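Below: one structure, written as structure tokens.
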Amino acid sequence: MESIRSEGFALSRDQADVGASAIAAPIWTADSVQGSVGVGVPNQRFDEVTEGDLAGDVMRAAEVISRRIGNPLSVMEGGI
């Protein structure tokens, strides 16, 4: 969990399904995780560039949802 807090996302390769990767980011209230948002892709479409792009997109989506459910702090700017 500490790596998710410091990186802002979790990465999974071949863990749930062989041949698939996923990136997820937590949805926060002011003091706790309330859920997550993520995306899964086939491994053949997942490289370092895609990983960085998807991680950014997923973290931004989690940030928007976190703010809409009442977290006043910016998750992406280290507010949590």
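Quick notes on this structure:
- Screening Glu63 with (1) in contact with a strand residue (DSSP E or B) (Cβ under 7 Å, 6 or more places away or on another chain); (2) open to solvent by less than 30 Å² (accessible area, probe 1.4 Å) gives one miss only, at (1).
- Where Asn71 falls short, out of the listed (1) modelled with pLDDT under 85; (2) closer than 19 Å to Ser3 by Cβ; (3) not β-branched (Val, Ile, Thr): (2)
- Taking region 44-57 as the range and being open to solvent by less than 40 Å² (accessible area, probe 1.4 Å) and more than 19 Å from Gly19 (Cβ to Cβ) as the test, the residues that pass are Ala55, Gly56.
- Any pair with Cβ under 6 angstrom, 6 or more apart, that starts in region 12-34 at a residue that is among the basic types (Lys, Arg) and ends at one that is surrounded by 15 or more Cβ atoms within 10 Å (Cβ to Cβ): Arg13/Ser21
- Candidates are the residues of region 4-43 that are part of a helix (DSSP H, G or I), at pLDDT below 90 and farther than 15 Å from Asp57 by Cα; the one that is most open to solvent (accessible area, probe 1.4 Å) is Arg5.
The values are calculated or read from the model by the stated rules, or taken from the named source; none is laboratory data. This one's a predicted model, so the numbers in the text were calculated from it and none came from an experiment. Every residue, glycine as well, gets a Cβ built from its backbone with ideal geometry; the counts of neighbours run over all protein chains shown. The protein model used for the area step is the full one, side chains on, heavy atoms only, and it has no ligands, DNA or RNA in it. Shrake-Rupley method; radii C 1.70, N 1.55, O 1.52, S 1.80 Å.
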